[in-house]
Amino acid sequence: MRLFACSVLVASLALVGCGGGTSSSNGSTGSTGADGGADASGVDSGTPGDDASVPFPDATAPAGSYSLQIGPIMVGAGVENTQCVVLNLNNPEPIQVGQIHNLLTNGSHHMIVYRVDDTTEQTTPFDCQPFTETLNAADGSVLMISQKHDDLLQFPQGVAYTLPANQMVRLELHYINAGSTPLEVTGQTTMIPIAAGTYQYEADFLFIGDPDISIPAHSTSTLGPVFYPLPSNFDNVNFFALTGHEHQYGTDVTINVATSATDPGTSVYDVPGWLWSEPATVQSNPPFQVPANGGFSFTCSWDNTSDSTVSFGESANDEMCFFWAYYYPSQGGSKVCIHTDQAGGVNACCPGSSPVCSAL
């Protein structure tokens with residue numbers, strides 16, 4: 001069971017990486033990363049000037065916000081990696097964050113923002129294992145994942161993440177330069193507090209997917225609908241935002257709320273013209289709930305234009321079938337949940353009591 005758990009869960013969590021970091025408060029500071037172009041598949045080619053520039057620093061950050069930056073990192077042609085920094089948010093007092101605005105240059109495949117309990121900054125980029133903070137709630141938890149170049153998460157009125165003074169933050173950036181020339185990559189996160197006295201509920205993060213992927217060369221494929229039954233403590237939570245996630249061969253992610261595996265359910269995420277490289281975050285107003293004993297039913301589709309079978313993996317040349325959800329009130333920290341038909345069928349949310357989680 002330990003080998004199965006490691007091969008499924010650890011691999012499934014390997015999404016991202018990071019680079020060099022700077023921090024600022026009351027707006028954003030940092031260097032401007034070189035902006036590269038994208039080829040037809042959406043993989044960054046490293047050709048400058050093909051796309052509009054991503055603004056660095058975040059010119060929209062209001063007074064009282066706090067920004068952290070990784071990079072710019074010079075990435076050689078054909079290089080793919082995951083690197084991290086750990087930075088102090090330098091907020092002198094506790095804050096409650098009601099918006100997070102992430103910016104990524106081309107070459108940045110994903111960025112993940114965590115709150116962590118580290119006591120020492122690591123401002124120099126270091127190679128890191130993605131999602132290392134998700135399996136042990138004592139180590140930290142995910143605040144936001146971004147794949148879009150410009151990604152704003154807006155929390156409902158009165159909903160926020162509570163961060164203590166001098167919150168330590170880990171940034172992970174998974175980057176790839178599919179072009180023939182070096183490329184600078186940069187990521188930035190800006191945390192925007194809510195007004196004092198307006199806080200009511202603590203937000204949190206849920207990550208759900210299925211690693212059972214095998215797509216023959218030069219063929220289309222669909223996985224699903226896959227039903228993931230939510231643990232009972234999620235019966236009364238309010239989901240306010242969803243984002244689907246695949247890699248370069250992905251063509252669509254759809255999500256329904258369902259009462260059972262046989263229930264077709266009600267659509268909560270179905271984006272016309274969905275793009276894997278700029279996956280829409282759909283915010284629900286009002287938020288929705290999942291019925292008691294129910295869960296999410298999700299489907300992923302791909303078009304494998306390569307000459308090889310594509311399977312599950314963390315590389316941009318592998319594939320994934322996941323989505324992440326933001327909700328309130330918190331149920332004790334961010335969780336990563338998988339369904340797999342391997343080993344007789346497994347549903348597990350980690351950190352948790354499942355043998356899959358304890359095996360890691």
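The values are calculated or read from the model by the stated rules, or taken from the named source; none is laboratory data. Every value quoted in this text rests on a predicted model; they were computed, and no experiment measured them. Positions of Cβ are generated from backbone atoms using ideal geometry, with glycine treated the same way; all protein chains shown enter the neighbour counts.
Filtering the stretch 40-76 to residues that are modelled with pLDDT of 90 or more and outside any loop (DSSP other than H, G, I, E, B) leaves Tyr66, Ser67, Leu68, Gln69, Ile70, Gly71, Pro72, Ile73, Met74, Val75. Out of the residues in the stretch 66-81 that are in contact with a Leu (Cβ under 7 Å, 6 or more places away or on another chain) and among the β-branched types (Val, Ile, Thr), which is surrounded by the most Cβ atoms within 10 Å (Cβ to Cβ)? Going through the qualifying residues, I end up with Ile70. Name the residues in the stretch 225-248 that are closer than 26 Å to Gly345 by Cα, surrounded by 17 or more Cβ atoms within 10 Å (Cβ to Cβ) and not β-branched (Val, Ile, Thr), would you? Answer for the stretch 225-248, where residues must be closer than 26 Å to Gly345 by Cα, surrounded by 17 or more Cβ atoms within 10 Å (Cβ to Cβ) and not β-branched (Val, Ile, Thr): Pro225, Phe227, Tyr228, Pro229, Leu230, Phe234, Leu242, Gly244, His245, Glu246, His247. Of the residues Ala138, Ala165, the single one that is at pLDDT below 90 and over 18 Å from the mean Cα position of the chain (by Cα) is Ala138.
One residue alone among Thr190, Thr181, Thr186 is in contact with a His (Cβ under 6 Å, 6 or more places away or on another chain) and outside the structural domain of Gln283 (by TED's automatic domain parsing), and that residue is Thr190. Go through the stretch 83-109 and report how many residues are within 15 Å of Thr124 (Cβ to Cβ) and not hydrophobic (A, V, I, L, M, F, W, C). Of the residues in that region, 2 qualify.
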